[in-house]
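Here, each number is a calculation from the coordinates, and none is a lab measurement. As the structure is a computational prediction, the values presented were derived from the model and not from experiment. Cβ: placed from backbone, ideal geometry, glycine included. Neighbour counts: every protein chain shown.
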Amino acid sequence: MNKKTIKHSSYTLKPAHIIETKYLTDDIKYFKLRFTDGTDLDYTPGQFVMVSMCGVGEVPISISSTPTRKGFFELVIRKAGKVTSDIHSLKTGDKIGIRGPMGRKIPLSTIEGKDLIFVAGGLGIVPLRSFIDFVLDNRRDFGKVEILLGCKTPEEILFKDEIKDWEETLNVEFNCTVDKADPKWKGNVGLITSLIPSIFVYPERTYAIVCGPPIMYKFVIKALLEKGIKEDHIILSLERHMKCGVGKCGHCQIGNYYCCQDGPVFFYHEIKNNWEAL
C-alpha cells in the first residue's frame, strides 16, 4: 500500500518517532520526526505543531521543514523551560506526541511568480527555513530571492551548511550581519536593517517575509516601506507566547486576533492597527 497524507484533527495527539537529532548550538536542538503510522504531516510553511511530553506538558513549535519533502518533518527547539528541557533529553528512536498542524494557512499562490525577500532575526530563520526550502524546491515558480539574516554573533548562525547551498542556487542572494563580530568574521556588522537599503527591488512584484524577535519588526517594516514595498506585500511570522494553540487561553492575543488561530503568519496591513500589542 502506498503511503499517503491523511488529514486529521489538529486536536488529535499522534505519536511520532524521532529519526535524527543534533545540537545546532549549546541550547538549540534539531529534531527530524516521522509519524509512527507512516503518514505525512499535512501543512504549509508558517504553521506550527504542539509538541507533547506525557506527564510534563506541551509547547508550540514552528515547523522548520518544507512540505515538498515527504516522509518526515523537522523541528528546531530551544531549551527554555521544563518541557523543552525534557524534549532535549530525547534521542533517536524515542517517541513524542504531536498535535497539529496548527495556525493559518497562507495561500502560497499569493507569492507565486513574485520576487521574495526573507528577513530573519536570530531564531526567526527556523520558521522561515520552511518557506525558503519550499521556494527553492519550486524554484521556477518564483522570481529573485533575497535572504537576509541577522544574529548576535557568528556562533549563533544556524544551518551553516544549508546556507552554502542557498548561496549556490540560481538567482538567490544571501547576506548576513552580526551585532558583534569575532576575529574570523568577514561579513557585515550591524543591525539587520543595515542590509535592506542596499538591495534592489521592484516594489510592485516583491513580497517580504519577516520573522524575528518582537523589537525587530517595527524597524524592519519601516525599512521595507521605505523601499516602496506595499503593506499588503509584507508578511510577518510572529513569535508569541502561545499556550493552548486553539485560541482559548488568550496568551497570544494581538488586539482582536489570536496568534495561534489567526496567525502566526499575518499580512502587515491586517494587524498594523494593533501594532502596540506586539
Task: Check on Gly71, touching a strand residue (DSSP E or B) at 6+ places or on another chain (Cβ under 6 Å) and over 22 Å from Thr25 (Cβ atoms) - done: no
TODO: Could you name every one of the strands (runs of 3 or more DSSP E) located completely within the range 1-113 that has at least 2 residues being charged (D, E, K, R) and under 28 Å from Leu236 (Cβ atoms)?
DONE: 28-35, 73-78
- [ ] Output the residue which, of all residues in the range 190-207 that are closer than 20 Å to Asp179 by Cα and among the aliphatic types (A, V, I, L, M), is surrounded by the most Cβ atoms within 10 Å (Cβ to Cβ).
- [x] Ile192
Task: The one condition in (1) touching a Cys at 6+ places or on another chain (Cβ under 8 Å); (2) under 24 Å from Lys164 (Cβ atoms) that Met102 fails to fulfil - done: (2)
- [ ] Taking the residues in the range 137-170 that are in contact (Cβ under 8 Å) with a residue 40 or more places away in the chain, surrounded by 14 or more Cβ atoms within 10 Å (Cβ to Cβ) and not acidic (Asp, Glu) as candidates, determine which candidate is farthest from Lys186 (Cα to Cα).
- [x] Gly143
Task: Residue check for Gly122: within 17 Å of Ile235 (Cα to Cα) and among the small types (Gly, Ala, Ser) - done: no
- [ ] Examine the range 91-112 for a residue that is buried (at least 18 other Cβ atoms within 10 Å of the Cβ) and closer than 30 Å to Phe200 by Cα, and state whether such a residue exists.
- [x] yes
